[in-house]
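Any read-out appearing in this document is the output of simple, stated calculations on the displayed coordinates, not a laboratory observation. Being a predicted model, the structure only gives us computed values, none of them experimental. We place every Cβ from the backbone using ideal geometry, glycine too, and count neighbours over all the protein chains shown.
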Amino acid sequence: MSFISNANLETADKEIFDLVEQECERQTDHLEMIASENFTSPAVMETMGSVFTNKYAEGYPYKRYYGGCEFADKAEQLAIDRACEIFGCNYANVQPHSGSQANGAVYAALLKAGDKILGMDLSHGGHLTHGSKPSFSGKNYSAFYYGVELDGRINYDRVLDIAKIVQPKIIVCGASAYAREIDFKRFREIADEVGAILFADIAHIAGLVAAGEHMSPFPYADVVTTTTHKTLRGPRGGMIMCNDEDIAKKINSAIFPGLQGGPLVHVMAAKAVAFKEILAPEWKAYAKQVKANAAVLGKVLMDRGYDIVSNGTDNHLVLVSFLNKDFSGKDADAALGNAGITVNKNTVPGETRSPFVTSGIRVGSPALTARGMKEAEFEVIGNKICDVLDDINNTDLQANIKEELKQLARNFVIYNKSTY
Ligand code: DSN
């Protein structure tokens, strides 16, 4: 008799089963507008729940430390090949368990402890791993920062001035809360002027880059990282890409055996599935719609008198500033949450409040666009956001809006019980 129970989840563990059901209901009934979240397809989830989860595969395709990797090899190689096809690059490492792991591997591959890195300030829209002090990137390396101007945009001349003073080994470009196109070509010129390696972290915009809806970091960046679960709509994980064989070898060693042990074969296989979806002709329409929806959101908010950092957006998110309001990002996040709209509080340029309170919110379009929502729905949602913010302490209004939006959300269901 087998020692493995064949019971389904409901029978095996009713507590977790109920939580999965409740989470599915939450994802269905709330409007998910956290700019870094998305809905992955049932096929991707099916792969993540597959028998590949049982397999150890230390090493790389066809060069493993364990037997029985013949199918894992093919799955990882498919993910690599598809990633290279999507981004037009020569090398991809699809093993990073996350974007932070991917970024850590880039530094480990190309820097020595204490080397200087220049990245975007976290409070201006950068990421923890771009040199922020609480992160390994700020602890192990000498981190310096550039930011945005009061108009919410990167001033590339100022980045060059800072780079000339700092003389960094690596310049990191890419952001977590920046609504404008990143000019990778200009960053390349800056890196060349000071002899720095250019590292692009495209975690937020990768799905747009894949569709040609944002400038590509190739051929400008020496190394590029991304997560696979944000605008790429794949499984939770990371990836590193480059065109240089020497850098690729160093990156591979930095990931395994440098930072990680066995790769998550089920997740690498799921990355391959997501990449196939991205290579389909429909992807371009999705990416275009993500941008169109974010633009509508920004316009509605501005028309209703709210300040949008940089006065609009070129990508998938808008950053709303409450610097001139008597409520904070934290208040707005809570009020919108009560109304069934999930966003996150965010610092804004010229921030006056603490990072736990903030004077802004970051609102994104990728997840609701994946559900099929278009400009008309984003206009309705933008106005509901403003209704909540206009009367931020009105909990009755929040409850009413939550009910209204639940009806809207249910017209765009993407998961049913058989798909999770
Ligand atoms: N947590 C991600 C985001 O929300 O942008 C970045 O890692």
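Choose one answer from A163, A399, A339: the residue with the largest mean-square fluctuation in a GNM of the chain with alpha-carbon springs under 10 Å.
A399
Along segment 369-378, what does the Karplus equation 6.51 cos²θ - 1.76 cosθ + 1.60 (θ = phi - 60°) give for ³J(HN,Hα), rounded to whole Hz, x for Gly and Pro?
Karplus-based 3J(HN,Hα) across segment 369-378 equals 5, 4, 6, x, 6, 10, 4, 4, 5, 5 Hz.
Where does the charge balance sit around Y66 when Lys and Arg score +1, Asp and Glu -1, over other residues with C-beta under 12 Å from its C-beta?
Combined, the nearby Lys, Arg, Asp and Glu give 0.
List residues of segment 369-400, by number, whose backbone nitrogen lies under 16 Å from a label position 7 Å along Cα→C-beta of R410.
400
If you plug each phi of segment 60-66 into the Karplus form 6.51 cos²θ - 1.76 cosθ + 1.60 with θ = phi - 60°, what whole-Hz ³J(HN,Hα) values come out, in order, with x for Gly and Pro?
10, x, 6, 9, 10, 9, 10
Note the full-extension length gain between E10 and D157 as 0.36 nm times their separation in residues minus their Cα-Cα distance, in nm to one decimal.
47.1 nm
Which residue, chosen from V106, N293, G207, occupies the Cα position most advanced towards the positive end of the dipole of the chain, where the dipole is computed from +1 (Lys, Arg) and -1 (Asp, Glu) charges on Cβ about the Cα centre?
Towards the positive end, the residue furthest out is V106.
With a Förster radius of 41 Å, plug the Cβ-Cβ distance of K112 and A376 into 1/(1 + (r/R0)^6) and report the FRET value to the nearest 0.05.
Computed FRET efficiency for K112 and A376 comes out at 0.15.
Return the FRET efficiency for the residue pair N393, E149: r is the Cβ-Cβ distance, R0 is 41 Å, and the value is rounded to the nearest 0.05.
It comes out at approximately 0.75.
Charges only on Cβ, +1 for Lys and Arg, -1 for Asp and Glu: so what's the dipole of the chain about the Cα centre, in debye to the nearest 20?
Here the size comes out at about 820 debye.
Suppose every Lys and Arg Cβ carries +1 and every Asp and Glu Cβ carries -1, with no other charges. What dipole size does segment 304-420 come out with about its Cα centre, to the nearest 20 debye?
Around 480 debye, computed over segment 304-420.
Determine by what factor the alpha-carbon radius of gyration of the chain differs from 2.2 N^0.38 Å, reporting the quotient.
Compactness ratio reported: 1.00.
Which of N411, I392, P217 sits farthest toward the positive end of the charge dipole of the chain, with +1 on the Cβ of Lys and Arg and -1 on the Cβ of Asp and Glu?
Value computed over the given set: P217.
Ignoring solvent entirely, what values of log10 I(q)/I(0) come out of the Debye formula for segment 290-420 at 0.10, 0.18 Å⁻¹ when each Cα is a single scatterer?
Log-scaled intensity ratios, in q order: -0.31, -0.97.
When N is the residue count of segment 1-96, what does its C-alpha Rg come to as a fraction of 2.2 N^0.38 Å?
1.44
Once both labels are modelled 7 Å past Cα along the beta-carbon direction, what's the V20-Y56 spacing in nm?
If labels sit at V20 and Y56, their model points lie 2.7 nm apart.
Could you tell me which of rounded, prolate or oblate describes segment 164-309, using a ≥ b ≥ c as the square roots of the eigenvalues of the alpha-carbon gyration tensor, with rounded for a/c under 1.5 and, failing that, prolate when a/b is larger than b/c and oblate otherwise?
oblate
Quick one: which residues, 5+ away or cross-chain, put their amide H under 5 Å from the amide H of G131? H built at 1.01 Å from N.
Residues meeting the amide H criterion: S137, G138.
How big is the gap, in Å, between the Cα center of segment 74-145 and the Cα center of segment 22-65?
Measuring centre to centre over Cα atoms gives 21 Å.
If you average the alpha carbon positions of segment 311-375 and of segment 241-266, how far apart do those two centres end up, in angstrom?
Each part's Cα centre sits 35 Å from the other's.
Would you mind checking the pairs K288/K406; K169/K271; K284/K374; K291/K325; K291/K374; K299/K384 and listing those with alpha carbons more than 20 angstrom apart?
K288/K406; K169/K271; K291/K325
For segment 119-126, just list the computed ³J(HN,Hα) in residue order, Karplus coefficients 6.51, -1.76 and 1.60, θ = phi - 60°, integers in Hz, with x standing in for Gly and Pro.
Each residue's phi maps through the Karplus curve to give x, 7, 4, 4, 6, 9, x, x Hz.
Could you give the distance between the Cα centres of segment 386-411 and segment 154-223, to the whole Å?
First find each Cα centre; the distance between them is then 39 Å.
Return the single residue from G59, G262, G125 with maximal mean-square fluctuation; model: Gaussian network over the chain, springs between Cα atoms under 10 Å.
Highest fluctuation among the options: G262.
Taking segment 100-225 as the region of interest, what is the percent of Cα-Cα pairs per 5 angstrom bin, listed from the shortest bin to the one with the maximum distance?
Calculated P(r), rounded to whole percents: 2, 12, 24, 26, 22, 11, 3, 0.
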